Amino acid sequence: MKTSPVQDKAKTRIPLPPPDRTGRITLEQALVRRRSICEFAAQALSEPELSQLLWAAQGITHPDGLRTAPSAGALYPLELYVATLPNA
């Protein structure tokens, strides 16, 4: 069975730096300040920023594989994919 270029790229692993686990504000402060923003920067995320975002969404926080996002029965049905553009 032949795979598409998108499927081939999906198998590529990019090593990222470890996330920063030492926040500068409390959870409560973060929740109070949280607002949706619909204006985005013209540049791509840096590798540390991407690492932090992915860890916050589904990062492993325990040796048993438990993650930052809760999941009933530890099934973790959410999968995250990162799309990249070729260098210009």
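Quick notes
- Single residue of the range 59-88 satisfying the filter (closer than 13 Å to L16 by Cβ and of a type outside the set (V, I, T)) that is surrounded by the fewest Cβ atoms within 10 Å (Cβ to Cβ): L80
- The residues on offer are A30, A44, and the sole one that is outside any loop (DSSP other than H, G, I, E, B) and either at pLDDT 85 or above or touching a Ser or Thr at 6+ places or on another chain (Cβ under 6 Å) (or both) is A30.
- Extreme residue, surrounded by the most Cβ atoms within 10 Å (Cβ to Cβ), among residues of the range 19-58 that are over 13 Å from the mean Cα position of the chain (by Cα) and closer than 21 Å to A83 by Cα: A44
- Residues located in the range 15-27, provided they are closer than 16 Å to T68 by Cα and touching a Ser or Thr at 6+ places or on another chain (Cβ under 8 Å): P18, P19
- For L16: the one exception among (1) within 22 Å of L80 (Cβ to Cβ); (2) surrounded by 10 or more Cβ atoms within 10 Å (Cβ to Cβ); (3) modelled with pLDDT of 90 or more: (3)
- Among residues of the range 23-81, those that are touching a helix residue (DSSP H, G or I) at 6+ places or on another chain (Cβ under 6 Å) and in contact (Cβ under 8 Å) with a residue 40 or more places away in the chain, counted: 0
- Members of the range 67-88 found to be among the charged types (D, E, K, R) and part of a loop (DSSP other than H, G, I, E, B), listed by number: E79
The values are calculated or read from the model by the stated rules, or taken from the named source; none is laboratory data. As the structure is a prediction and not an experimental result, all values here were calculated from the model. So basically every Cβ, Gly included, is an ideal-geometry build from the backbone, and we count neighbours across all protein chains shown.
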